[in-house]
1. Just the residues that are closer than 25 Å to THR141 by Cβ, modelled with pLDDT under 85 and among the polar types (S, T, N, Q), please, taken from the stretch 6-63.
2. If you go through the stretch 85-96 one residue at a time, do you hit one that is free of Cβ contacts under 8 Å to residues at least 40 places away in the same chain and either open to solvent by less than 40 Å² (accessible area, probe 1.4 Å) or touching a helix residue (DSSP H, G or I) at 6+ places or on another chain (Cβ under 8 Å) (or both)?
3. Before we move on, is PHE277 aromatic (Phe, Trp, Tyr), in contact (Cβ under 8 Å) with a residue 24 or more places away in the chain, open to solvent by less than 40 Å² (accessible area, probe 1.4 Å) and touching a helix residue (DSSP H, G or I) at 6+ places or on another chain (Cβ under 7 Å)?
4. What pairs can you find where one residue is in the stretch 177-190 and on the phi > 0 side of the Ramachandran plot, the other is surrounded by 15 or more Cβ atoms within 10 Å (Cβ to Cβ), and their Cβ atoms are less than 9 Å apart, with a gap of 6+ or different chains?
5. Say whether the condition of being open to solvent by less than 30 Å² (accessible area, probe 1.4 Å), part of a loop (DSSP other than H, G, I, E, B) and among the small types (Gly, Ala, Ser) is met by at least one residue in the stretch 249-271.
6. Tell me, which residue of the stretch 118-131 that is touching a residue at least 40 places away in the same chain (Cβ under 8 Å) and crowded, with 18+ Cβ neighbours inside 10 Å is nearest to ARG100 (Cα to Cα)?
7. Hey, any hits in the stretch 107-123 for a residue that's at pLDDT 85 or above and among the charged types (D, E, K, R)?
Amino acid sequence: MSEILDITIITGMSGAGRSSAADVLEDLGYFVIDNLPPSLITKVADLARGAEDTTRFVVGVDVRLGAFIPELTAALTELQARGAATRVIFFDAADDVLVRRYEATRRKHPVSGDERVSESIATERELLGELKGRADVVIDTSELNVHELRTRLLDLFGGGERTTSTLHTSVVSFGYKHGLPIDVDMVFDCRFLPNPHWVDELRPLAGTDEPVRDYVLGQPAAQEFLAELERLLSLLLPAYVREGKSYLSIGIGCTGGRHRSVVMAAEIADLLARLGFETRVHHRDVERD
């Protein structure tokens, strides 16, 4: 095949949006195969050999397939040995969000017996804990509607053909009072910086506004933090590339997610660009009170 074989495994918590994601990826030109036993995933490579145009596949795997993690690991290892680009995307959401979604649809949870939905979710989360830890990307859909999920997937998948050596990075700003994001690899706290919220003329503004940016970056501690962070990331990112990591998400938080973290997220993105990594930035809480 002239093009690299691209196989994406999508999995995660039931009700977290895997089916919606599959529809989006199908629209992007991926050939989607749902609920395929992991032992058959390597057959996808055989299928691709006989296809003229199809080299990008999405395979849906969920908890209904049982204890599949060792089989999935073995299948991905074999595909990588054949030169395929692989990734595992894990969809997650907060437990209370999953409960509300099941209550709204009145569907039976796939691991439920006589348990309540909340208990079934807890059981599933335990079963999938190891797989989540091995995932290349975790997508938290707790606060995403269908359109926002599509945008998130376009950010990840809309760039065309992949190579196996590219590390895709993203930075998300957030407010601790709204909860930690569950889909980041590393988190930094910038609440050590003076808070623009307590400056009357800055309070109604956001970190995307120049006066707030000047105030935050004018703090000596901000420059010291960024310098230390650049040294740290210049060590870590090449090491991640050598280990074959494809995606890295960095969270930067302040109290409300409107001022300090927004400024610092933009600066971290610029820092990553200087290190040679294209980065996407998302300000999760900038519009919240």
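The values are calculated or read from the model by the stated rules, or taken from the named source; none is laboratory data. Fair warning: this is a prediction, and the values are worked out from it, not measured in the lab. Heads up, the Cβs are rebuilt from the backbone with ideal geometry, glycines too, and the neighbour counts pull from every protein chain shown. Surface areas here come from the heavy atoms of the whole protein model, side chains and all, with no ligands, DNA or RNA. Shrake-Rupley method; radii C 1.70, N 1.55, O 1.52, S 1.80 Å.
1. Selection gives ASN35 alone.
2. Step one: list which residues in the stretch 85-96 are free of Cβ contacts under 8 Å to residues at least 40 places away in the same chain, which gives 95-96.
If we keep only those that are either open to solvent by less than 40 Å² (accessible area, probe 1.4 Å) or touching a helix residue (DSSP H, G or I) at 6+ places or on another chain (Cβ under 8 Å) (or both) too, we end up with 95.
Scanning the stretch 85-96, I find at least one residue that is free of Cβ contacts under 8 Å to residues at least 40 places away in the same chain and either open to solvent by less than 40 Å² (accessible area, probe 1.4 Å) or touching a helix residue (DSSP H, G or I) at 6+ places or on another chain (Cβ under 8 Å) (or both), so the answer is yes.
3. yes
4. GLY179/ALA94; GLY179/SER142
5. yes
6. Filtering the stretch 118-131 for residues touching a residue at least 40 places away in the same chain (Cβ under 8 Å) gives 121, 124-125, 127-128, 130-131.
Right, trim to crowded, with 18+ Cβ neighbours inside 10 Å and you get 121, 124, 128, 131.
On the way: ILE121: 12, GLU124: 16, LEU128: 20, LEU131: 24 Å.
Result: ILE121.
7. Checking the stretch 107-123: at least one residue is at pLDDT 85 or above and among the charged types (D, E, K, R).
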